[in-house]
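**Student:** Submitted below is the structure of interest, expressed as structure tokens.
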Amino acid sequence: MAGRVQSDEESQCSATAMRKATRRMTQLYDDALAAAGLRSTQYAILEELHRKADAPPTMGELAETLVLDRSAIGHNLRPLERDGLIALVAGDADRRLRRVVLTKMGRGKLAEARPAWKLAQDRFNDVFGESAAAKRVTLLGIARDERLATLAD
């Protein structure tokens with residue numbers, strides 16, 4: 001808000017503000033998806049795999065798309081694989097290359113979870129109105145901006 005005086009309790013750190021917003025959003029979506037037995041990160045993985053069903057990504061490609069490091073993607077994939085929602089399939093040309101594939105059970109779980117996801121999405125849109133789409137564009141712009149990946153440059 002313009003002209004608003006910052007209290008001593010508020011941080012001027014952009015990372016802190018983003019992490020607080022991320023935690024609030026995660027709470028919203030995790031609460032909505034709990035009935036389907038998924039967390040928001042798991043839902044995002046299943047949705048991404050559904051979008052890429054014709055060309056399943058490698059673990060590295062999936063990690064890059066979701067802006068996760070390799071250890072985090074492995075940590076998030078293990079329970080999905082254990083529960084039969086995804087499969088790691090050896091590549092055709094290079095058997096060492098494993099692609100992440102959404103299984104039939106995973107497609108069913110995604111279909112089950114979509115109405116809950118839509119409730120959370122609608123809540124966000126209701127709260128932020130017409131600016132919700134602009135906020136998504138801004139956030140995706142931040143996520144895709146490689147200039148923020150490191151200070152080494």
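The values are calculated or read from the model by the stated rules, or taken from the named source; none is laboratory data. Just so it is clear, the model here is predicted, and its values are computed rather than measured. With ligands, DNA and RNA removed, areas are computed over all heavy atoms of the protein, side chains included. Shrake-Rupley method; radii C 1.70, N 1.55, O 1.52, S 1.80 Å.
**Student:** Cα gyration tensor of segment 103-153, axes a ≥ b ≥ c as square roots of the eigenvalues: rounded (a/c below 1.5), prolate (a/b > b/c) or oblate? It would help to have the intermediate numbers written out before the result.
**Tutor:** Working: a/c = 4.62, a/b = 1.41, b/c = 3.28.
Note, shape of segment 103-153 comes out oblate.
**Student:** Could you pull the accessible area for Thr26 with a 1.4 Å probe, rounded to 10 Å²?
**Tutor:** Answer for Thr26: close to 50 Å² accessible.
**Student:** What does the extension gain come out to for Asp30 and Leu140, with contour length at 0.36 nm per residue minus their alpha carbon separation? Please report the intermediate quantities before stating the final value.
**Tutor:** Working: separation 110, 0.36 × 110 = 39.60 nm, distance 1.99 nm.
Computed gain between Asp30 and Leu140 is 37.6 nm.
**Student:** With all protein chains present, how much of the accessible area of the chain (probe radius 1.4 Å) comes from carbon and sulfur, to the nearest whole percent? The partial results should precede the final answer.
**Tutor:** Numbers: 5980 of 10980 Å².
That fraction is 54 percent.
**Student:** With a 1.4 Å probe and every protein chain left in place, work out the accessible area per residue of segment 26-90 in Å², rounded to a whole number. Display every interim value, and only then the final one.
**Tutor:** Numbers: 3420 Å² over 65 residues.
Each residue of segment 26-90 exposes 53 Å² on average to a 1.4 Å probe.
**Student:** Among the listed pairs Lys20/Lys135; Lys52/Lys135; Lys20/Lys52, which have their C-alpha atoms separated by more than 22 angstrom in this model? Mind dumping the intermediate values first?
**Tutor:** Values: Lys20/Lys135 15 Å; Lys52/Lys135 25 Å; Lys20/Lys52 30 Å.
The pairs that break the limit, which is 22 Å between Cα atoms, are Lys52/Lys135; Lys20/Lys52.
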